[in-house]
Amino acid sequence: QVQLVESGGGLVQPGGSLRLSCAASGIIFRLSYMGWYRQAPGKQRELVATITSSSTTNYTDSVKGRFTISRDNAKNTMYLQMNSLKPEDTAVYYCTVRWVRDYWGQGTQVTVSS
């Protein structure tokens, strides 16, 4: 069965950094289309970044230049490196993969606060 497990969330000060990880199983990882969503309380779910099987990336405007999405096919793991974090980045971050249908991880909480 398909399984996605996020890790790396936590509490960080404004201007700090975090790296989120998503470990995937039950798919042919090197052929998959994946991404990160986030959702803050009272706000709509937002697509943050995507990465194709050939490592082509796209980002929402608010994170361009600060976040980097990547994948390690040898480890079946996708990453989101988050630098220069702002309070408005506070949200639950979800890993997703499109494989026949869409699958979601359970999410990891990121809180940016002084």
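Have a look at Val48, Val5 and point out the one that is of a type outside the set (Lys, Arg), part of a strand (DSSP E or B) and surrounded by 17 or more Cβ atoms within 10 Å (Cβ to Cβ). Walk me through how you get there before you give the answer.
Working: Val5 fails: surrounded by 17 or more Cβ atoms within 10 Å (Cβ to Cβ).
Going through Val48, Val5 in turn, just one is of a type outside the set (Lys, Arg), part of a strand (DSSP E or B) and surrounded by 17 or more Cβ atoms within 10 Å (Cβ to Cβ): Val48.
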Return the pair list, or none, for Cβ contacts closer than 9 Å from residues in the range 53-64 that are within 26 Å of Thr90 (Cα to Cα) to residues that are loosely packed, with under 13 Cβ neighbours inside 10 Å and at pLDDT below 95, at least 6 apart or on different chains. none
Give the number of residues within the range 65-87 that are among the acidic types (Asp, Glu) and touching a residue at least 40 places away in the same chain (Cβ under 8 Å). 0
Mind listing whichever residues of the range 30-39 are in contact with a Ser or Thr (Cβ under 6 Å, 6 or more places away or on another chain), of a type outside the set (Ser, Thr, Tyr) and at pLDDT 95 or above? Gly35
Considering (1) in a loop (DSSP other than H, G, I, E, B); (2) touching a strand residue (DSSP E or B) at 6+ places or on another chain (Cβ under 8 Å); (3) at pLDDT 95 or above, say which one Ile27 fails and leave the rest. (3)
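The values are calculated or read from the model by the stated rules, or taken from the named source; none is laboratory data. On a predicted model such as this, the values are computed, not experimentally measured, just so you know. Virtual Cβ from ideal backbone geometry, glycine too; neighbours counted across all protein chains shown.
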